[in-house]
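Reading through the structure tokens given below for one structure.
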Amino acid sequence: MAIKRLDRDGAHRKQFERNKKRIYATQSICGICGKPVDFSYKYPHPLSPCIDHIIPVAKGGHPSDLDNLQLAHMTCNRQKSDKLFANNTIKTKKAISNRILPLTIDWLKYRSKKTSK
């Protein structure tokens, strides 16, 4: 049986939503890659804004504490997954992982191929 995440279905949902609105209103830089977040992109665009748990809930991070939440691109957050960073500064982040994080594709230059009819 899967364990329910408290920030999605549990007691922390309301506080998470309040803090998400606060972060969207006050932050504009991705906490993972350090690039600006464009709020005109909507899900499922890879550069759409989302909320990242700095210390992942799966690793014991608080699900709704404002100090554990940051703005991120969806693709950065997906690639970070449940990894922890050694430092909490953008310029000196070192991933505790065997992968290079967070971006492997420059999504700003990505253009999908249009099919001709």
* Can you name the residue in the range 57-81 that is part of a helix (DSSP H, G or I) and over 11 Å from the mean Cα position of the chain (by Cα) and, of all such residues, is nearest to K21 (Cα to Cα)? -> L66
* To do: Taking only the range 34-70 into account, find how many residues are aliphatic (A, V, I, L, M) and touching a residue at least 40 places away in the same chain (Cβ under 8 Å).
  => 4
* Quick one: in the range 11-56, which of the residues that are assigned to a loop (DSSP other than H, G, I, E, B) and β-branched (V, I, T) is surrounded by the most Cβ atoms within 10 Å (Cβ to Cβ)? -> I32
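Coordinate-derived values only; no laboratory data. Predicted model, so just to flag it, every value in this text is computed and none were measured. No Cβ is skipped: glycine too gets one built from the backbone with ideal geometry, and neighbour counts run over all protein chains shown.
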